[in-house]
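As structure tokens, the structure follows; a few thoughts come after it.
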Amino acid sequence: MARVALLLLATLVALASAQVEEVLKWQKVEYDVPAEVLQRENGYIPVGNIPMGAVHHKNRVFVAVARRRWGIPSTLNVVDISPPFPNTNVVLKPYPSFELNELRADLQPDANRIVTVYRPRVDRCDRLWFVDTGMMEIPGNFTVVQRPSVWSIDLTTNQPIHRFEIPKEAVETGYGLTSITLDVDPSDCEKVFVYISDLQTYRMVVYDYANRRAWRFLHNYFFLNPLEGDYLIQGINFAWDDGIFSIALGNPDPVTKFRTAYFHALSSNSEFTVSTRVLRNETASQRSWHGTDFQLLGYRGSKSQSSIHAFDPETGVIFFALIQQNAILCWDSAKPFAPQNMAIVYKNDRDIVYPNDLSIDQNGYVWFMTNSIIKLLYTQLNLDEFNFFVWRANIKQLIKGTVCDPASPPNVQSGQRFGDENNNDRVTFYEFKDKYGPGGGPYGGWGHGPSRPGRRP
């Protein structure tokens, strides 16, 4: 019986995989920038250019390359895509301009430039939003160039239209601000709340665009689960202590108009919820106790640590990027939250090496990226191989016939709040020492020193 179940699961994964399309892939990242920039000392060092985010909008994909090494000419970029796919080794164009992305030689603050971007997002009003962390995150040489800031760019004119510097009361530095989620009013583009995960200090930052105010929430549910911080990826054992990493928003309640925010830490197999009614309330952020406003939703299953997840407003399905399983998981939010009511819709042990971003566009497609950063951190990134991939899939086709399909009944009628009795969350941890290299160097690794920059993938 178990064998039949495994064969059925393999068949379903194979069918779903046929619906996934490889759109972009790179061996190494190159840029359309002036030649003199590439020729400068530390102007361009290919091995350190790791894409950290990708989001689609009208046949353009916006690609973020965080400045975590020397030699990154531009942090926010764009590529045009067109069939036949995959488009291979497409050169990145700084967006909206190279001037906005170019660092000052003296690394002094400049409100007209951006330093490091992780995962940009697009809203229904044709705007690109992102956080500039303001940091050069070089191993052994972390530099706060400027205050972190929230930006938006008009995608119809390709011009920046908004910049808000996050005050120190809301966040000390930009280190840890790696993902944002947009809460845009269905009828008014000027009413926007931006939710920012801060995995470094285990907090959530909220930005009220209409009133130009920012505040932060602290809650125990933003922390890692210490039993679920051990990993085994590509045969490498290591430990991360990353906290709240991703926030996904459900549809507005028809009566209250508030949404459910689903969130999780990277080093956790659990999912939690809170209403945006709470998050939008600056006064609530000042409470020392939040009562029952924050809730444990349930348990995704053993080794189901997820980087980014996203909610599809049409089907009500949430997709999770599973970093230990090299896979994409789905769950229909109308069904009880339990592993039995979830399905792996794509798995690729060869090419998915740390799925680092996932988003849903306005055309009913889920997009996800993998960036092989595990190789850079702990072994060696081979630039003769394909290392970075972007895939897409039509959501309705991808979930058809799975338990995630709204037309399918749930497999179980009750949620699962915790792990199983056999303690299957644990992964035995063996220390894997970084290979030596200048600043982590051509052999990967973060180098050594007190800064502990091995966090924040």
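The values are calculated or read from the model by the stated rules, or taken from the named source; none is laboratory data. If you're wondering where the values come from, they're calculated on a predicted model, not measured in any experiment. Ideal geometry is used to build each Cβ from the backbone, glycine not excepted, and the neighbour counts take in all protein chains shown. SASA here: full protein model, heavy atoms, side chains in, ligands and nucleic acids out. Shrake-Rupley method; radii C 1.70, N 1.55, O 1.52, S 1.80 Å.
Numbers below:
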{"item": "Virtual spin-label span in nm between Asp110 and Asp188, 7 Å along Cα→Cβ", "result": "3.8"}
{"item": "Solvent-accessible heavy-atom area per residue, rounded to whole Å², over the chain at 1.4 Å", "result": "41"}
{"item": "Simple spin-label estimate for Arg417 and Arg277 in nanometres, 7 Å along Cα-Cβ", "result": "2.2"}
{"item": "Extension gain from Glu169 to Glu314, taking 0.36 nm per residue of separation minus the Cα-Cα distance", "result": "48.5 nm"}
{"item": "Carbon + sulfur, % of accessible area of the chain - ligands and nucleic acids excluded, 1.4 Å", "result": "50"}
{"item": "For peptides 171-181, 394-404, 87-97, sequence by mean Cβ density within 10 Å, most packed first", "result": "171-181, 394-404, 87-97"}
{"item": "Protection-proxy order for peptides 330-341, 288-299, 74-85, each taking the mean of Cβ atoms within 10 Å per residue, highest first", "result": "330-341, 74-85, 288-299"}
{"item": "Compactness of region 21-399 - radius of gyration and Dmax, Cα, Å", "result": "19.4, 59"}
{"item": "Fully extended contour minus Cα-Cα distance, from His162 to Val91, at 0.36 nm per residue", "result": "22.8 nm"}
{"item": "Most to least packed among 23-29, 307-313, 405-411, 358-364 [average Cβ atoms within 10 Å]", "result": "307-313, 23-29, 358-364, 405-411"}
{"item": "Distance in nm between pseudo-label sites at Asp32 and Thr143 (7 Å out along the Cβ direction from Cα)", "result": "2.8"}
{"item": "Local net charge near Pro83, Cβ-Cβ under 13 Å (Lys/Arg +1, Asp/Glu -1)", "result": "-2"}
{"item": "Dipole moment magnitude, nearest 20 debye, region 21-399 about Cα centre, only Lys, Arg, Asp, Glu C-beta charged", "result": "360"}
